[in-house]
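Some notes on the structure that comes next.
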């Protein structure tokens, strides 16, 4: 029979908080995408109002990590979970910020759904959210293979962002009067691209949690003799 440790209860609380954080941020992102694609200022305002919930939950995760370190002496896998929690918590909070910013700029595109469509912002945002949800699934199931498949998928969003930028440049030349709306559109596109980056970070952190391997910046981690 496995030995039950007081630490296990604290780690379960931490895990549950991270799951809540994932679900809340995903909901915020989904609502922000819907607000942008519909140019819905009221829904955008609700997304902005709920950002405090994300920040509050971020603090709860941090405090739980601090509590575990103060009351226990985690090692090996337990310590990796703490490191993972801190990293994922930060990435999720950043995604929440970007969702808030998407909502913040939505009113500037009121009545200009045509520009949103031409820049394919909705398609890009849906792709970024799909990456986030796969990364979340990999975390909740502790699925290292899924996490590894997620890594690299952000290149799809990178390509869409580049296309959006080129399209906005063309639209600026064609319709200089739309300059303000188009500048906000580029900012929103960059925010979506960053959301995909943070989702990729989460997938990389899941690999670290399960395998104990840091897969970030692999080229920089090569030994000099291996790189020669």
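The values are calculated or read from the model by the stated rules, or taken from the named source; none is laboratory data. The structure displayed is predicted, hence computed values, not measured ones. Methodologically, a virtual Cβ is constructed for each residue, glycine included, from the backbone with ideal geometry; neighbour enumeration extends over all protein chains shown.
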- Query: Does region 132-153 contain any residue that is surrounded by fewer than 16 Cβ atoms within 10 Å (Cβ to Cβ), out of contact with any helix residue (DSSP H, G or I) (no Cβ under 9 Å at 6 or more places or on another chain), at pLDDT below 95 and at negative phi?
  - Reply: yes
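Rundown of residues vs (1) closer than 21 Å to residue 210 by Cβ; (2) touching a residue at least 40 places away in the same chain (Cβ under 8 Å); (3) in contact with a strand residue (DSSP E or B) (Cβ under 9 Å, 6 or more places away or on another chain), yes/no style:
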| residue | (1), (2), (3) |
| --- | --- |
| 29 | no, yes, no |
| 47 | no, yes, no |
| 54 | no, yes, no |
| 57 | no, yes, no |
| 73 | no, no, no |
| 92 | yes, yes, no |
| 98 | no, yes, no |
| 102 | no, yes, no |
- Task: Determine, yes or no, whether residue 81 is touching a helix residue (DSSP H, G or I) at 6+ places or on another chain (Cβ under 9 Å), surrounded by fewer than 21 Cβ atoms within 10 Å (Cβ to Cβ), within 29 Å of residue 147 (Cα to Cα) and touching a residue at least 40 places away in the same chain (Cβ under 8 Å).
- Result: yes
- Message: So, restricting to helices (runs of 4 or more DSSP H) that lie completely within region 1-75, which ones have at least 2 residues that are over 23 Å from the mean Cα position of the chain (by Cα) and modelled with pLDDT under 95?
- Response: 6-38, 51-71
- Task: Find the helices (runs of 4 or more DSSP H) located wholly in region 109-228 whose residues include 1 or more that are touching a residue at least 24 places away in the same chain (Cβ under 8 Å), and list them.
- Result: 113-118, 121-141, 144-150, 154-174, 179-211
